[in-house]
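Just below is one structure, and these are the notes that go with it.
Every number here is computed from the coordinates shown, using simple stated rules; none is lab data. Model, not experiment: these values are computed from the prediction. Counting neighbours? That spans all protein chains shown, and the Cβs are built from the backbone with ideal geometry, glycine included.
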């Protein structure tokens, strides 16, 4: 087996939740003197081992709060694992949330620069791809107006166009294909296909089981920060659907008691 | 460091955005940067030259040089302190090196300071103040002030994320420092008073004097003053870099 593109070894991620949102120095000092912890620990990921080869399309499923987005953040390099090792080779294009890094007072055009620069691009690289980005977004003349006038679909289209203007080694899509109209989603899927041919590793976090079945070559099932399943998409997704189903029914049952 | 260099285009674009957003909405744009210290100066001139009768030759230039420095120092520290919090959504979702935000705010602060130099030189010539070759030293004075301010921003911006009351605390400390620094009053009026030590050992005063010497006194600051101010600034920046690097990984968890 070749060197994995993404290699997580025994990765754990811990959020320390302050009981109040932000702690003041005063409170901190009081608690420090008392020796009491003012944080609650929440382990979003525990002992995750994951090796992903180049060109794999990984579907990630799990109930809300399972740690899917935390996993994406660790792989993207936004958050450093509390324990364990993360190694990712090549460039990463993460879309963890649509509209991140946009300044809505600026025009779409100005935001193309701002956003792509935040993804680690250089100015001259952006200038070269500018026309492609504008064309792919399908925004037309809207590109010249401030983004506060954009609809959420337009924001999504621009965000996707920028993040996928260059072929990355790893593309992370966290629930981002849900918005946008049918035509745009079709074009996104086309682009994902070409990326796949070029050997890009793709991580798809989604609740859309059908899309994962169509696209992924491997599926991960996360639950309570643990890896509950990892393997062939059909098997994992079926098992996941079965496991999720009774929970949905258990709600009205409990209400009847 | 190498990562920051790779993101240099981003830093420059953030600076441009700061300036654009700041001036796009206001009708007279850049004039504001120049007007603000001038209006303040008018008030001070009336209060101090007439009421207190300071024995300061050309008080307008003395106070203006001080105010330009102080405005840069205070505004830049406050905005860079808030720069991480203000960009919370970005740094939770994109792997951007966090230091770009405080660095960009300091650079926009410098640009604003340079704009404010325009009316200052106008006043210098209007009041017949002697312009000397010592002004060639001014870029070094600005550099010292920038190094110090950047260091302070790097120290404070993570603290503002970790603790909710840092912003208020710094506001109070800034006010205290303003009175502890001879920005609008001459240093000799506090000499011999029981609080003189507070002014004397105030590191901001050293940095201010290095800034004001070439403008007001028309002289290059004495070498020992240069060295002291430089050492203070570099030390603060060193502490800033070390503390920022140590806390950077934890910032996304707290914001």
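Below is a table of values for the structure above.
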| quantity | calculated |
| --- | --- |
| Mean projected area (nm²) of the alpha-carbon convex hull when the range B:108-230 is viewed from all directions | 9.0 nm² |
| Estimated 222 nm signal from helices in the protein assembly as shown, with DSSP H stretches of n ≥ 4 weighted -39500 (n - 2.57), rounded to 500 | -18000 deg cm²/dmol |
| Ordering of A:239-245, A:92-98 by burial proxy (mean other Cβ atoms within 10 Å per residue, highest first) | A:92-98, A:239-245 |
| Rg to Rh quotient for chain A, alpha carbon positions, Kirkwood Rh | 1.02 |
| Peptide ranges A:202-214, B:161-173 listed from the most packed, as the mean C-beta count within 10 angstrom indicates | A:202-214, B:161-173 |
| Within 10 Å of each Cβ in A:69-82, the average number of Cβ atoms from other chains | 3 |
| Whole-number Å³ per residue for the convex hull built on Cα positions in the range A:52-201 | 125 Å³ |
| Other protein chain Cβ atoms within 10 Å, averaged over every residue that makes up B:89-100 | 6 |
| Average Cα contact separation per residue, chain B, under 8 Å, 6 or more apart, as relative contact order % | 28 percent |
| Dimensions (Å) - the range B:118-175, Cα atoms, principal axes, largest first | 49, 21, 16 |
| Cβ neighbours within 10 Å from other chains - mean over B:159-168 | 4 |
| Rounded to 5, percent antiparallel among DSSP beta bridges of chain A | 55 percent |
| Relative contact order for chain A, counting Cα pairs under 8 Å that sit 6 or more residues apart, in percent | 26 percent |
| For chain B: Kirkwood Rh in Å [reciprocal of mean 1/r, alpha carbons] | 19.4 Å |
| Overall Cα dimensions of the protein assembly as shown, principal axis frame, Å, largest first | 88, 60, 50 |
| Listed peptides B:68-79, B:133-144 by packing density, highest first (mean Cβ within 10 Å) | B:68-79, B:133-144 |
| Fraction of antiparallel bridges per DSSP, the protein assembly as shown only, in percent to nearest 5 | 55 percent |
| Rel. contact order, % - alpha carbon contacts under 8 angstrom, at least six apart, the range A:71-201 | 33 percent |
